[in-house]
Structure formats: structure tokens, C-alpha cells
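What follows is calculated from the coordinates using simple rules that are stated; it is not laboratory data. Just so it is clear, the model here is predicted, and its values are computed rather than measured. FYI the Cβ positions are ideal-geometry reconstructions off the backbone, even for glycines, and counts take in every protein chain you see.
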């Protein structure tokens, strides 16, 4: 069977090629990427970039996604296909800006740009809120005597996540409408 080819950022590839870098979380990969990166992209841009790349590698069967039932922590592991894949190295996308060409500088594209910025921020806030609620669950398991406090904080974080999810759906709907 011939090796499949996939494009990947050089820095990300170098990190993943390390034998000891297996059974990792997106945050750990993000931190390793930031430490190895020569440019200085923002934390949220880097997280989004790493998350998209990991998700793409999972969809292609190059990485396995594992969710611990008790802690709800998600970890990723290299599959056998990882070692059979021909990686095509390219420059990092996390450090490049995603601005549109000036020729499409109309009122409609400005509105779409503003909506997309709001969408990005809402998605970042959602990831933060989800991480917060997951941490409250882990803390509850470690400190059951703090149940009352941690449970109320957990429920508040879940409520925030639900509101953010609603915002994201509304913004996506507005973007779809604006693109017609």
C-alpha cells in the first residue's frame, strides 16, 4: 500500500516526530508549538491552529482521539498510519494573518469580517468555558468535600457554555445570510 501524503506545518511536524510526544492534549501541543515557534502568534490563534490541525489528523486516521470517561480529558495518540504517512512540510499558518484582498473592501465584506471576528472570540470563550467546567468536575472528584461550591461553579460554567453556543449559532446564521 503506497504511503499517503499530507501537508503539515514544519514546526508541528518536528514536535510530533519526537517519540516521547505521544498521548498528548491540544494544550500541551500548543505549548510545545509556542516554545518551538520563531514567530510570536497570539495564544488563541495558536490554539485554534493546533486544534484544527489535530482535528484534521484525527479525521485522516493519523491520530487517535481518546476521551477518559471519568475525567473527560481528551488525549491524542499517534496511530500506525502516522508512521506510514508522507508529510509534506510547509510554513506555519498560525503566524500568518487571514486578511482578505483589498479589492473586496465592500460594506458586505466588512460586515462578514466583523461577524467572523465575533465568531472567533465566541468560540475561544466557549473553549475556555468548557475547559473551566471540565476542571470543576476533576476538582470535585479530587475534593468531594467541596461539592456544594464546585457544583454551583460547574453549573454556572455549563450555563455560560450554553449561552456561548447560542451566540455562535446566531453569528453563523448571520454570516450565512450575509454571504447570500
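Annotations for the structure displayed:
- Neighbour-count ranking [beta-carbon atoms within 10 angstrom, fewest first] of 44, 4: 4, 44
- Theoretical FRET efficiency, 1/(1+(r/R0)^6), r = Cβ-Cβ of residue 22 and residue 52, R0 22 Å, to 0.05: 0.65
- Relative contact order of the chain: 23 percent, from C-alpha pairs under 8 Å at least 6 residues apart in sequence.
- Annotation: extensible slack from residue 176 through residue 158 equals 3.8 nm (criterion: 0.36 nm per residue apart, minus Cα-Cα distance).
- Additional length obtainable on full extension of the chain from residue 64 to residue 4, 0.36 nm per residue less Cα span: 19.9 nm
- Kirkwood analysis of the Cα pair distances in segment 103-179 returns a hydrodynamic radius of 14.2 Å.
- Applying 0.36 nm per residue to the separation of residue 31 and residue 44 and subtracting their alpha-carbon distance, the gain on full extension is 3.5 nm.
- Of all the options 46, 74, 38, the one that moves most in a Gaussian network model of the chain with Cα springs shorter than 10 angstrom is 38.
- Across segment 5-90, the relative contact order, built from alpha-carbon pairs under 8 Å that are at least six residues apart, equals 43 percent.
- Binned Cα-Cα distances of the chain, short to long, each 10 Å bin given as a whole percent: 8, 27, 31, 25, 8, 1, 0
- Fewest-first ordering of 73, 135 by other beta carbons within 10 Å of each residue's beta carbon gives 73, 135.
- With viscosity 1.567 mPa s and temperature 4 °C, the Kirkwood radius over alpha carbon pairs of segment 5-90 converts through Stokes-Einstein to a diffusion coefficient of 98 µm²/s.
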